[in-house]
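Shown next, in structure tokens, is the structure this report addresses.
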Amino acid sequence: MPIETNQYFFGNSLVNFSEGGAQTNLPYWLNQLTLEAGGTYDVNGGFGFLRQFADRLEPANEWGFQGITGQWDDDTERFADQAFSQVIITPGNFIQDLAPTANYPDGNISPVDATESILATVLTDQPNAQIFVYQGWSDLAAFSETFPPSESSIERYYDYNQEDYHTWFVDYVDTLNASTPDANITLIPVAPVLASLLEEGGPLAAISTTELFTDSAPHGTETTYFLASLITYQATNGEPAPASFDVPANIHPLVAENYTELLDYIEVQTTNYMDMVVPTPELEPETPVEETPEEETVDETPEEPIIAPEAAPPPELTPDPAPLPAPEAEVVSPPEPELAPEDTPELEGSLEAERAPALELPPASDTNLEPPAEPETETETETETETETETETETETEMWRGQELEQGVTVADMMAAEALYCTPEQIAEAEAFYAAEQSGDLGFPTVPMSTFYAQESPYNDSEEDESAPLSASLKTIVTDIL
């Protein structure tokens, strides 16, 4: 039976990268796949992040796509006047360093709190819609300071998308289903399935990073959004995309060459990752068992008791698919003009409304507030000079610019790093700054240099990463100098 889908997206650029072109978005490909299957597809949506969505009086209608006529005209109708079959919520891909129930670092609500506000609107205005959470791929900038990343960095990135990052989304959806059971949310696991396709040993491992992403946000190419649409089609329709679809030439040829095998792979992987989410059970009232009346007996033979049959256990419940009405005559509408760029900035570098430092600077210790101890005065001038020389030598090998060096890092290393990363003017200022006598009147530094960026994580660049010219600890100190 043909599929009829009418979606609304609370989205961001992992759903619709409008600056990339007409085909760097999910709805374009979902429409193409649905039409190939003989169905119909409509979509509306708006840009933002969870807190912005929660603060709006009504969802925004900002999107338009080539070949798609959206059902909702917000000039004459409200969100509640529509009948969307599916509503899809997209969290940001850079907030997973804290638990979904933890408050944002710069606010007093959590991602779960914000989403519950969104659900209150959706459940009121769209009571018959299926609700999904779209799990876009994670932030790549956290794994590499440069683009494209090294091979080791991209492998750690793919591991993260299948492990800790996915676990965050599972916890997020499970928490929402527990707090808002009427929502019965389903996860669309794009990130882990996409990563399993692309990681070393995956069916699409030969596709390079630059053929998939354009930056560290990371925004995708047409190939990336096409693969994401195959996963989303499977998750929202409960069946693979049509095998008869003719993959166009602007999609990586490896996808076209293995298309039918990829559909089978995506079906298995998507189902496996969706099963990790605990669905909200829909309980049906138990059917009472009618008592069988006792029959009168004429003879004196004692009758055997009549045992009422046990009620059959209720069948396992599965979410009902969206209604599939008979196909309607297809209406061909002229393409809508492309909309102006969204008010909400894209992911890369402009996510200040949501992005905040994960850690605070450590407080200054009392020991750092005192000037360095001077050597004890000897009666002999020669002895005093010798002691000072030894103290200076010992200090040089252990301290640099007020920072204690790690084991194996020498002053020569730091001088070379400083020459590489700093201008002569910066070096001169640093030397003058740290060479001057400490004085309360002058206000010289009384706290250790920041180690804010030295986060311990199995996914951060390691010292073995050939792409890094300096060790992780050395890079941290040089960054502090800058």
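The values are calculated or read from the model by the stated rules, or taken from the named source; none is laboratory data. It should be emphasised that the depicted structure is a prediction, and the values quoted were computed from it without experimental measurement. Note that each Cβ is placed from the backbone with ideal geometry, even for glycine, and that neighbours are counted across all protein chains shown. Just the protein is used for accessible areas: all its heavy atoms, side chains included, with ligands, DNA and RNA removed. Shrake-Rupley method; radii C 1.70, N 1.55, O 1.52, S 1.80 Å.
Annotations for the structure displayed:
- A compact globular protein would have a Cα radius of gyration near 2.2 N^0.38 Å; the ratio found for the stretch 90-206 is 1.19.
- Net length gained if the chain between residue 271 and residue 428 were fully extended (0.36 nm per residue, minus Cα distance): 50.5 nm
- Test item: Cα-centred dipole of the stretch 68-164, Lys/Arg +1 and Asp/Glu -1 on Cβ, debye: 160 debye
- Summed residue charge, Cβ within 13 Å of residue 199's Cβ, Lys/Arg positive, Asp/Glu negative: -4
- Here is the list for the stretch 83-158: GluC sites (Glu not before Pro) lying in DSSP coil, each with at most 14 other C-beta atoms within 10 angstrom of its C-beta, are 145.
- For residue 421, the accessible surface of its heavy atoms amounts to roughly 90 Å² (probe 1.4 Å, protein chains only, rounded to the nearest 10).
- Probe 1.4 Å - accessible area at residue 75, Å² to nearest ten: 130 Å²
- Legend: residues 418, 200, sorted from most to least accessible area (1.4 Å probe; ligands, DNA and RNA excluded), read 200, 418.
- Ordered from largest to smallest accessible area (heavy atoms of protein chains, 1.4 Å probe), the residues 150, 13 come out as 150, 13.
- Element breakdown for the stretch 213-266 at a 1.4 angstrom probe: carbon and sulfur atoms account for 51% of the accessible area.
- Accessible area of the stretch 1-154 belonging to carbon and sulfur atoms, whole % at 1.4 Å probe: 45 percent
- Residues 5, 410, sorted by accessible area with the largest first, give 410, 5 [1.4 Å probe; ligands and nucleic acids excluded].
- A Förster distance of 51 Å, applied to the separation of the beta-carbon atoms of residue 246 and residue 421, puts the FRET efficiency at 0.50.
- In the context of the full set of protein chains, residues of the stretch 38-164 present 39 Å² of accessible surface per residue (probe radius 1.4 Å, heavy atoms only).
- Sites residue 208 and residue 179, calculated FRET efficiency, Cβ-Cβ separation with R0 41 Å, nearest 0.05: 0.45
- Other residues lying with their Cβ under 13 Å from the Cβ of residue 256 contribute a combined charge of -4, Lys and Arg counting +1, Asp and Glu -1.
- Spread over its residues, the convex hull of the C-alpha atoms of the stretch 11-145 is 138 Å³ per residue.
- Rounded to the nearest 10 Å², the accessible area of residue 40 at probe 1.4 Å: 50 Å²
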